[in-house]
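Below is one structure; the comments refer to it alone.
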Amino acid sequence: MKIEWHQSMFPSDNVTVEQECLSLPRNYNLWRPAFQFVGRVIVTMAVGLWPVANAEAQGPVISRVEPAGIAPGQTTDVTIHGTKLTGASKLVTTFHVQGELSPEVEANGTKGDQTVFRLNLPPETPLGIHGVRVISPEGASRLVPFLIDDLPVIAENGTNRTHETAQLVTIPAAIDGRVDSLSRDFYRFEAQAGDQLTLEVFARRLGSPLDPMIVLYEASGHAIASADDTPGLGSDCQLSHTFAQAGQYVVEVRDIQYRGAGTYTYRLRMGDFPAVSVGYPMSITRGVTTPVTLVGEGANGGDIKQRDIGKQRDIGPVSISPPKDWPFDWYTVAAPRTGGKSAGFAMVAVSDLEERVEVEPNDTLEQATPVTLQAQLNGRFFTPGDVDLYRFSATKGGHFLFQGVTKGTGSPTDLNLRLRDATGKQISQIDDSGTNEGTLDVTFPADGDYLLEVSEFNRRSGPHFTYHINVTEYQAGFDLAIDSDVWNVPAGGVGTISVTATRRGYTGPIFLTAINLPAGVTSSTAMLGPAINTALLTIQAAPDTAVGSWRKVQVVGTGRQGEQDLSSIATPQSAVRSAWSNTLLLPNSVDDELFAAVRTSQPLSIRVEPQSTVFGPGLKGSVKVLATRGDGVNEAITLTMSPDKGGLPAGVTIGLKPIEKGKDEVTLEWSATEAAPLGEFSIVFVGNHKQDKATYTVATPVHNFRLEAPFTAMAMSDSDKLPKGSEWKGTIKLTRNPAFSGAIKVTGSKLPPGITIDEINIPADQQEVTITLKSTPETTPGPHKEITLKLEATDNAKLTTTLTLPTITVE
């Protein structure tokens, strides 16, 4: 049996990720919420519908790659179609093999809509879905799906729209095709009696909007098998068939609703490989040899272990040993049938944690699999109504999360999780519904033993109904998501990316920055203040920064809860999934793929002065936006802010107005109501300029603003004694908000009987004042701890604070 995995995935100098100032766990992103792990997938492209966000604006765009996948151990020329490809110099991949320009393109140059790269893949390059992107003087392109496949590639001939004109192909083959509206594609092939072949369509898993169906016909046109929406594969499909007679057969590929267009692409794989849907267990431990079973159709004989339940069978197990220093959170497993020429494959997760596999039978209280709360759980449902029970000990007040992982891995399982006490009484329950992985949030009510019950919500079963339970102790913190996997910045200008936080019991500020940037590029620090969960982060390139320079980077958020430092690395997972036609199965290898690249300069840039502003409740502040105009940039520059919704705290506004035609600056005024919250926040100003046919959209670096109290005060004195009938003197020292310079009136707010204070006015130009307390002979002797003064702005009675004096003893 052949086993393939990735042994040579060591990044080049340009893509090495340096944690720099942070020390984050190696498996930080593993099993992140919202199913960040993927089972087995393969990719074509559907990039025509990709939105253009600020981060990748004006960069190169890949619309099609030919072929859509290539084989390990070969040198292959790959043609990139798209826009703004002139001067493209690199094809960067998630399997860390860089594509260099083909000799012909190197000699003759790149056209604007097409270029060719040569990829030389090591034999051990892992099979499966990866991603590629182009680097050009316009920056970096979005990541597009790309397949590493061991089948020979055939291109669709375009004349195969009927059964009679079916394209003749030789098996094994991987056919890159597309479906037009109201059309069907047909392929004719030879099979021998007893041949067991797999037919499999990758479409949605490759980012295509196609919802494929395959039908297998005899040469006469009689349908003998079909497949649509194979469980666990999203809307993709696969079938395995043993041919009783030798002869010609025809396979049809179409959209289930007969839709089609240039983006409705697919890869049809045909061969003697097993049709794998998922690997089991779904997660393994670094440095530990683990038997991994590939689950799928069409396994047979020899050293391939079979378990017949419906059409799904086990393939393997095969022993996998990721080294302790394995740098990735995923591992590719590939295996053929006995004597087969091509492989089925799956991706499993890799962690540093203890991975436990259920031991059957474990469906009663007495048979429950014993585990600890430090173990991650793997299981599957073999028989209808199968229930898996795990027993563990917990202490009162322990707070743990049990997160189910299924649909994003190639498993069709809809998990139902229940927590029971040692007697079997249910404490809590949650269902894995829709595309959301269920998470059971538990605070244990008492010391003792507990049971986690795991079942399939619809009582379905089979070896492909696998699951993983990620068990973690609850910690306050946050997760971060970014809206793109590419961050282009013009030389001498600013690039932006949107960051969104999902908080877990943490309401404090989150400080955002980017690390591992290309030389000449610097990052701002943006802040997510209280109740703010979205901000723009900016990077800025010096004017002399090398155009076309690039690097794999990270957006990092930090915070602090009590004595605990918090940190999180932002993921572009949702952005990539959206760009890939909302595929459910997204490979884990693309989860951290954020590239920053420097593109050609623009004739317009804007900046702010000062870089930060301080004002506060009931106060106003100002910021100046300045423009540097080049030739042909003479019209008014309209200013907006980003984020435009939810980016400002409640009660805070800014008066936006344009930089007028022929002018280079404008002053904007901040204002805050008395109810505005205190804290640190960030905003970015975006400028839009249009003149003739040229339109430019540019951004300022992050502008941070801080809301502070209009004034605070403290009191000091050389004495804490106040004799009856005498006076006590002290000093009030003010700290003024830079936006407040008014006069302040000081009066008594809470004074003991017999103690008085004369009203005092602190002029606008003073920061301290002497105060005098007077005592009558009737004042109660002894210590007085709560003598309180009121400070009030003379021109705005809503701006107030109180000051409690140190304990004063009346003698």
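The values are calculated or read from the model by the stated rules, or taken from the named source; none is laboratory data. Everything quoted here is computed from the prediction, not taken from an experiment. In this analysis, Cβ positions are derived from the backbone assuming ideal geometry, glycine residues included, and neighbour counts consider all displayed protein chains. What goes into the accessible areas is simple: the full protein's heavy atoms, side chains included, and nothing from ligands, DNA or RNA. Shrake-Rupley method; radii C 1.70, N 1.55, O 1.52, S 1.80 Å.
Can you give the Kirkwood hydrodynamic radius for the range 545-599, in Å, rounded to one decimal and based on Cα pairs?
On the way: mean 1/r = 0.0736 Å⁻¹.
It works out to 13.6 Å.
How far is it, in nm, from the label point at GLN245 to the one at GLU563 when both lie 7 Å from their Cα along the line to the Cβ?
Computed distance between label sites GLN245 and GLU563 equals 8.1 nm.
Based on alpha-carbon positions alone, could you give the equivalent ellipsoid semi-axes of the range 496-584 from the gyration tensor, as √(5λ), descending, whole Å? Provide the component values of the computation, followed by the final result.
Details: eigenvalues 127, 76, 24 Å².
For the range 496-584, the semi-axes come out at 25, 19, 11 Å.
Among THR571, ALA173, ILE539, which residue has its Cα furthest toward the positive end of the charge dipole of the chain, with +1 on Lys/Arg Cβ and -1 on Asp/Glu Cβ?
ILE539
Helix-only estimate, please: 222 nm mean residue ellipticity of the chain, summing -39500 (n - 2.57) across DSSP H runs of length 4 or more and dividing by its residues, to the nearest 500. Please list the in-between numbers first.
Working: 2 runs with 13 residues, N = 811.
Value at 222 nm, helices only, nearest 500: -500 deg cm²/dmol.
Could you order peptides 370-383, 387-400 by the average number of other Cβ atoms within 10 Å of their residues, highest first? Could you put the intermediate results ahead of the total?
Values: 370-383: 18.6, 387-400: 16.9.
Per-residue Cβ counts within 10 Å, averaged per peptide and sorted highest first, yield 370-383, 387-400.
Explain nothing, just the number: relative contact order of the chain, from Cα pairs under 8 Å at least 6 residues apart, as a whole percent. Walk me through the intermediate numbers first.
Numbers: 2406 pairs, mean separation 84.0, N = 811.
Computed over the chain, the figure is 10 percent.
Counting Lys and Arg as +1 and Asp and Glu as -1, what is the net charge of the other residues whose Cβ lies under 14 Å from the Cβ of ARG356?
Numbers: positive: ARG380, ARG391; negative: GLU354, GLU355, GLU358, GLU360, ASP388.
Combined, the nearby Lys, Arg, Asp and Glu give -3.
Could you let me know the centre-to-centre spacing of the range 234-289 and the range 735-811, using Cα atoms, in angstrom?
About 79 Å separates the Cα centre of the range 234-289 from the one of the range 735-811.
Using 0.36 nm per residue of separation minus the Cα-Cα distance, give me the extension gain between ALA107 and GLU366 in nm, one decimal. Write out the running numbers ahead of the final one.
Numbers: separation 259, 0.36 × 259 = 93.24 nm, distance 7.35 nm.
Value of the extension gain: 85.9 nm.
Where the only charges are on Cβ atoms (+1 Lys, Arg; -1 Asp, Glu), what is the dipole of the chain about its Cα centre, to the nearest 20 debye? Intermediate values should be presented prior to the final figure.
Numbers: 68 positive and 90 negative charges, 226 e Å.
In total the dipole reaches around 1080 debye.
Residues with amide H under 5 Å of LEU566's amide H, sequence separation 5 or more or different chain, H placed in the peptide plane at 1.01 Å from N; which?
Amide H neighbours of LEU566: GLY559, ARG560, GLN561.
Which values, in whole Å and largest first, are the semi-axes of the equivalent ellipsoid of the chain obtained as the square root of 5 times each eigenvalue of the Cα gyration tensor? Provide the component values of the computation, followed by the final result.
Values: eigenvalues 729, 270, 77 Å².
They are 60, 37, 20 Å, listed from largest to smallest.
In the structure shown, do any of LYS111/LYS690; LYS733/LYS774; LYS745/LYS798 have a Cα-Cα gap over 24 Å, and if so which? If you can, show how the numbers build up before the last one.
Working: LYS111/LYS690 28 Å; LYS733/LYS774 20 Å; LYS745/LYS798 12 Å.
In this structure, LYS111/LYS690 lie more than 24 Å apart at Cα.
Give the calculated FRET efficiency between LYS721 and ALA650 to the nearest 0.05, with a Förster radius of 41 Å applied to their Cβ-Cβ distance.
0.30
Based on the alpha-carbon set only, what is the convex hull volume of the range 105-211 divided per residue, in Å³? Could you put the intermediate results ahead of the total?
Details: hull volume 19.5 nm³, N = 107.
Dividing the Cα hull volume of the range 105-211 by its residue count gives 182 Å³.
Translational diffusion coefficient, Stokes-Einstein: compute it for the range 523-653 using the Kirkwood radius over C-alpha pairs as Rh, at 20 °C and 1.002 mPa s, and state it as an integer in µm² s⁻¹. Can you show the working numbers first?
On the way: Rh = 18.7 Å.
After rounding, the answer is 115 µm²/s.
Can you compute the FRET efficiency between LYS657 and ALA155 using 1/(1 + (r/R0)^6), with r the Cβ-Cβ distance and R0 = 56 Å? Round to the nearest 0.05.
On the way: r = 56 Å, r/R0 = 1.00.
Computed FRET efficiency for LYS657 and ALA155 comes out at 0.50.
Expressed in nm to one decimal, what extension gain is obtained for the pair GLN192 and LYS624 from 0.36 nm per residue of sequence separation less their Cα-Cα distance? Mind dumping the intermediate values first?
Values: separation 432, 0.36 × 432 = 155.52 nm, distance 7.77 nm.
Extra length from GLN192 to LYS624 when fully extended: 147.8 nm.
Using heavy-atom solvent-accessible surface (probe 1.4 Å) with all chains present, what is the largest-first order of GLU164, GLU665, GLU138?
Details: GLU164 145, GLU665 90, GLU138 40 Å².
Putting GLU164, GLU665, GLU138 in descending order of accessible area: GLU164, GLU665, GLU138.
So, for the range 721-811, what is the accessible surface per residue at a probe of 1.4 Å, expressed in square angstrom? Show your work: numbers first, answer last.
Values: 4740 Å² over 91 residues.
Result: 52 Å² per residue.
Treat each spin label as a single point 7 Å out from the Cα along the C-beta direction, and report the THR600 to ASP228 distance in nm.
4.9 nm
Across the range 162-284, what fraction of all alpha-carbon pairs, as a whole percent, falls in each successive 10 Å bin from zero upward?
Calculated P(r), rounded to whole percents: 13, 47, 31, 8, 1.
Treating the beta-carbon of each Lys and Arg as +1 and of each Asp and Glu as -1, no other charges, what is the dipole magnitude of the range 667-811 about its Cα centre, to the nearest 20 debye?
On the way: 14 positive and 17 negative charges, 51 e Å.
Rounded to the nearest 20 debye, it is 240 debye.
Dividing the convex hull volume of the alpha carbon atoms of the range 75-146 by its residue count, what do you get in Å³ per residue? It would help to have the intermediate numbers written out before the result.
Details: hull volume 5.4 nm³, N = 72.
It comes to 75 Å³ per residue, whole-number rounded.
Counting heavy atoms of the protein chains only and a 1.4 Å probe, report the per residue accessible area for the range 527-582 as a whole number of Å².
Working: 2030 Å² over 56 residues.
Roughly 36 Å² per residue, with all protein chains present.
Relative to the Cα centre, what is the charge dipole magnitude of the range 445-582, using +1 at the beta carbon of each Lys and Arg, -1 at the beta carbon of each Asp and Glu, and rounding to the nearest 20 debye?
The calculated dipole for the range 445-582 is roughly 440 debye.
Tally up the carbon and sulfur contribution to the accessible surface of the range 377-426 as a whole percent, 1.4 Å probe, everything protein left in place.
Numbers: 850 of 1530 Å².
Heavy-atom surface of the range 377-426 belonging to carbon and sulfur, 1.4 Å probe: 56 percent.
Hey, rough spin-label estimate for THR695 and HIS96, points 7 angstrom out along Cα→Cβ, what's it come to in nanometres?
Label-label distance for THR695 and HIS96, simple model: 4.2 nm.
Please find the FRET efficiency linking SER428 to ASN582, where r is the Cβ-Cβ separation and R0 is fixed at 30 Å, and quote it to the nearest 0.05. Kindly include the intermediate steps, with their values, before the conclusion.
Details: r = 31 Å, r/R0 = 1.04.
That gives a FRET efficiency of 0.45.
Check THR613: other-chain or 5+ apart residues with amide H under 5 Å from its amide H, H built from backbone geometry?
ASN704, PHE705, ARG706
Could you give the radius of gyration (one decimal) and Dmax (whole number) of the Cα atoms in the range 436-588, in Å?
20.2, 65
Among ALA261, GLN192, PRO323, flag the residue with its Cα farthest along the positive direction of the charge dipole of the chain, charges on Cβ as +1 for Lys/Arg and -1 for Asp/Glu.
Ranked along the dipole, the leading option is ALA261.
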